[in-house]
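**Q** Quick one: this structure, given as structure tokens, is what I'll be asking you about.
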Amino acid sequence: MNPKSLTIAIDGYSSTGKSTLAKDLAVALGLNYIDSGAMYRAVALYALENNLVINGKVSPVLKDKLGEIQISFHFNPENKKSDTQLNGKNVEDQIRSARVNAIVSEVAAIPEVRRHLVRLQQKMGQTGGVVMDGRDIGSVVFPSAELKIFMTADESVRIKRRWNELREKGFESTLEEVRENIQHRDHLDTTREDSPLIKTEDAIILDNSSLSREEQLDIAVNWAKKAMKSMALQTR
Ligand code: DC
């Protein structure tokens, strides 16, 4: 079975290493990687830059501006990574900043924003051969994905990971601030009315609290191979 037709959905809480695993799987299996969280982050950055966040609240006007927001991914040969572009501008670093972190879950809870981005994501993955990470990939974006992984890790591990990630990008914050932000985002992501983060019945849990990057990749590649085998059996 050709991995190019495989769709892998990775969902889970904030800072569980979804994008690291998704990128590693894409390289290992020759799939396209799509970071759906980056798309919500780009919309949040647009709202901040266009004065659509007033006293920490997202203005309803954002819904009318969705048609003006172009989001795309471009391969950066310097770091061999895919950078997020918002209306033609590289915003890869800006969308990871604390000010975007503070507002992105509110933006992601707006049904019109979700509908718009889900449509784009489904279009990007319509031919298969894709690994996408987010919160609603297995439940809403690709409900028939051949492999669904639900990632989790101890909260202390996740806080330390996010703190390191922010520091590496030059954003200073305390562990306490990171803890508050992660808890706040998990709460909003799991309790919002429109497509909250859930583990679907057919998703496999991957708890990577004490797994190395290589170990988690090994596990997931084996799951992907099994998924490909059963796809091959079904198409016989
Ligand atoms: O994965 P991330 O931290 O980059 O995601 C940023 C925010 O976007 C997160 O708070 C949840 C939201 N999100 C979502 O609601 N649905 C997705 N498919 C991806 C992200």
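The values are calculated or read from the model by the stated rules, or taken from the named source; none is laboratory data. Because the structure is predicted, anything quoted here is derived from the model rather than measured. Here Cβ is always computed from backbone atoms with ideal geometry, including for glycine, and neighbour counts include all displayed protein chains. Ligands, DNA and RNA are excluded from the accessible area calculation, which covers all protein heavy atoms including side chains. Shrake-Rupley method; radii C 1.70, N 1.55, O 1.52, S 1.80 Å.
**Q** Measure nothing but the geometry: give the 0 to 90° angle between the long axis through the Cα atoms of 175-191 and the longest principal axis through the Cα atoms of the chain, rounded to 10°.
**A** So the inclination is approximately 70 degrees.
**Q** 5 Å is the cut-off here: which amide hydrogens, built 1.01 Å from N in the peptide plane, fall below it relative to Leu206, excluding neighbours closer than 5 in sequence?
**A** Excluding prolines and chain starts, which carry no amide H, the hits are Phe150, Met151, Thr152.
**Q** Note down the relative contact order for segment 1-108 as a percent, whole number, built from C-alpha pairs under 8 angstrom at least six residues apart.
**A** That works out to 24 percent.
**Q** Compute the normalised compactness of segment 34-152: alpha-carbon radius of gyration over 2.2 N^0.38 Å, N being the residue count.
**A** 1.06
**Q** With a ≥ b ≥ c the root eigenvalues of the C-alpha gyration tensor of the chain, is it rounded (a/c under 1.5), prolate (a/b larger than b/c) or oblate?
**A** In terms of gyration-tensor shape, prolate.
**Q** Taking all protein chains in place and a 1.4 Å probe, what share, in percent, of the accessible surface of the chain do carbon and sulfur account for?
**A** Here carbon and sulfur together make up 50 percent of the probe-accessible area.
**Q** Follow-up. Between Asp207 and Asn90, what length comes free when the chain is fully extended (0.36 nm per residue of separation minus the Cα-Cα distance, one decimal in nm)?
**A** 38.8 nm
**Q** Heavy-atom accessible area per residue, the chain, 1.4 Å probe: how many Å²?
**A** Per-residue value: 51 Å².
**Q** Over the chain, what is the mean sequence separation of C-alpha contacts under 8 Å (at least six apart), divided by residue count, expressed as relative contact order in percent?
**A** Result for the chain is 34 percent.
**Q** Among DSSP beta bridges lying fully in the chain, give the percent that are antiparallel, nearest 5.
**A** Counting only bridges with both partners in the chain, antiparallel ones make up about 35 percent.
**Q** What does the C-alpha gyration tensor say about the overall shape of segment 133-226? Classify as rounded when a/c is under 1.5, otherwise prolate if a/b is larger than b/c, or oblate.
**A** Note, shape of segment 133-226 comes out oblate.
**Q** Same structure again: Could you give the size of the charge dipole of segment 86-236 about its Cα centre, using +1 on the Cβ of each K and R and -1 on the Cβ of each D and E, expressed in debye and rounded to the nearest 20?
**A** 580
**Q** Could you rank the peptides 88-101, 23-36 by their average count of other C-beta atoms within 10 Å per residue, with the highest value first?
**A** Packing order, densest peptide first, comes out as 23-36, 88-101.
**Q** To continue, here is another question. Tell me what the chain gives for mean residue ellipticity at 222 nm when only DSSP H runs of n ≥ 4 count, each as -39,500 (n - 2.57), the sum divided by the residue total, rounded to 500 deg cm²/dmol.
**A** Computed mean residue ellipticity for the chain: -14500 deg cm²/dmol.
**Q** Picking from Ile219, Ile71, Ile103, which is most flexible by a Gaussian network model of the chain using Cα springs under 10 Å?
**A** Ile219
**Q** Determine the alpha carbon to alpha carbon distance for each of Lys4/Lys160; Lys57/Lys169; Lys89/Lys229; Lys89/Lys225; Lys65/Lys160 and list only those over 32 Å.
**A** Distance filter (> 32 Å) returns Lys4/Lys160; Lys89/Lys229; Lys89/Lys225; Lys65/Lys160.
**Q** Each label point is 7 Å from the Cα along the Cα-to-Cβ direction; what then is the distance between the points at Glu78 and His184, in nm?
**A** Calculated label separation equals 3.1 nm.
**Q** For segment 173-214, rounded, prolate or oblate, judged on the Cα gyration tensor with a ≥ b ≥ c (square roots of eigenvalues), a/c < 1.5 rounded, else prolate if a/b > b/c?
**A** The shape class here is oblate.
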